[in-house]
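Participant: Have a look at this one before I ask anything.
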Amino acid sequence: MDWGMKNRLSRIIRPETGKTVMLAVDHGYFLGPTTGLEEPEKTISPLLPYADTLMLTRGVLRSCVDPGTNVPIVLRVSGGTSILGNLADEGTTVSMKDAVRLNTAGVALSIFVGSELERKTLLALADLINEGTEVGMPVLAVTAVGKDMVRDARYLGLACRIAAELGAHIVKTYYCEGFESVVRGCPVPVVIAGGKKIPERDALELSYNAITRGAAGVDMGRNIFQSDNPVAMIQAVREVVHNNMKPDKAFDLYKTLSSSSEIKGRRAAKAGK
């Protein structure tokens, strides 16, 4: 692995802890204006100081993120389908040349193991890895799960291992019972997806369980930006990921930070009158 590749990977996963808090805001590429991401710039800006990595699309990066930011970018480069069609029928939408031009730390593509388009998505991943190798660009494989797939350790372990065997540098998957076996069978770092919005306490417990069972971090979106207080939530998640803070204590931190921000907000509003 060359210096450029190692350098980019060290920007995605913090060397001090071996962990990462990735903020996923790429949902619009297939969901449209997702709740909480109707105006991406307003959502992203206050969360940037607390994200180790930002995962998003080329369009949102160009139009909604300050070019002066130092937060590493993992660029979503697969797409071409929506929730109205067959999500597994994605293609590569961004060239490696453009990913380099945008100064990204890594690129991300979904695979659909077990779907009728399995071969297409796996070969697309292999092609992306080949292109990335030429320029020192890490590839994150997202183990997307179709409606007919069970999110259990056997299936997710299969999908993660295949992605790693093809050369993916990081794999994003779901947390499940027996998650330790998924991590043990995958020779590259595994980060978990936050999935659909759940109560804050549950999302913190999900993060804690994943980290203590071997995950290299979280790639969380809706459970942060759809939270009642996204800035407080991402800070609580950081404490879980980087400092192994237990869920109850992290939830107390979330509530304290939320209360503090609400007080500041009321004071600011009062001062403005």
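The values are calculated or read from the model by the stated rules, or taken from the named source; none is laboratory data. Here the structure is a predicted model, which is why all the values come from computation and not from measurement. Backbone-built Cβ (ideal geometry, glycine too); neighbour counts: all protein chains shown. Accessible surface areas use protein heavy atoms only, side chains included; no ligands, DNA or RNA. Shrake-Rupley method; radii C 1.70, N 1.55, O 1.52, S 1.80 Å.
Participant: Pick from the stretch 171-206 the residues that are touching a helix residue (DSSP H, G or I) at 6+ places or on another chain (Cβ under 8 Å) and farther than 23 Å from Arg161 by Cβ: which of them is modelled with the lowest pLDDT?
Facilitator: Ranking the qualifying residues of the stretch 171-206, first place goes to Lys196.
Participant: Looking for something within 25 Å of Phe112 (Cα to Cα) and open to solvent by 10 Å² or more (accessible area, probe 1.4 Å) - is there at least one such residue anywhere in the stretch 42-57?
Facilitator: So far as the stretch 42-57 goes, yes, one or more of its residues are within 25 Å of Phe112 (Cα to Cα) and open to solvent by 10 Å² or more (accessible area, probe 1.4 Å).
Participant: Scan the strands (runs of 3 or more DSSP E) fully inside the stretch 1-114 and keep the ones with 1 or more residues being among the charged types (D, E, K, R), in contact with a Phe, Trp or Tyr (Cβ under 7 Å, 6 or more places away or on another chain) and more than 22 Å from Glu239 (Cβ to Cβ).
Facilitator: The qualifying strands (runs of 3 or more DSSP E) are 73-76.
Participant: Next up: Return the only residue of Val94, Val77 being modelled with pLDDT of 95 or more, of a type in the set (A, V, I, L, M, F, W, C) and more than 28 Å from Val241 (Cα to Cα).
Facilitator: Residue meeting the stated conditions: Val94.
Participant: Something else now. Spot the failing condition for Asp66; the list is (1) farther than 17 Å from Pro138 by Cβ; (2) at pLDDT 95 or above; (3) not small (Gly, Ala, Ser), and only one is missed.
Facilitator: (2)
Participant: Could you run through the stretch 184-205 and say how many residues are part of a helix (DSSP H, G or I) and surrounded by fewer than 24 Cβ atoms within 10 Å (Cβ to Cβ)?
Facilitator: 5
Participant: Looking only at the stretch 70-88, which residues are touching a helix residue (DSSP H, G or I) at 6+ places or on another chain (Cβ under 8 Å) and under 18 Å from Glu116 (Cα atoms)?
Facilitator: Hits for the stretch 70-88 are Ser78, Gly79, Thr81, Ser82, Ile83, Leu87, Ala88.
Participant: Looking at the stretch 165-177, which of its residues are open to solvent by 30 Å² or more (accessible area, probe 1.4 Å), free of Cβ contacts under 8 Å to residues at least 40 places away in the same chain and over 13 Å from the mean Cα position of the chain (by Cα)?
Facilitator: Passing the criteria: Glu165, Glu177.
Participant: Gly85 - would you say it is more than 18 Å from Phe30 (Cα to Cα) and open to solvent by less than 60 Å² (accessible area, probe 1.4 Å)?
Facilitator: No: the conditions fail for Gly85.
Participant: Moving on to the next point. Out of curiosity, is Lys264 part of a helix (DSSP H, G or I) and at pLDDT below 90?
Facilitator: In short, yes.
Participant: Find all pairs meeting these conditions: Cβ atoms under 6 angstrom apart; at least six residues apart or on different chains; first residue within the stretch 3-18 and closer than 15 Å to His242 by Cα; second residue surrounded by fewer than 17 Cβ atoms within 10 Å (Cβ to Cβ).
Facilitator: none
Participant: Sticking with this one: List the residue pairs whose Cβ atoms are under 8 Å apart, where the first residue sits in the stretch 102-121 and is open to solvent by 30 Å² or more (accessible area, probe 1.4 Å), the second is of a type in the set (S, T, N, Q) and at pLDDT below 95, and the two are 6 or more positions apart or on different chains.
Facilitator: These pairs meet every condition: Leu117/Asn86.
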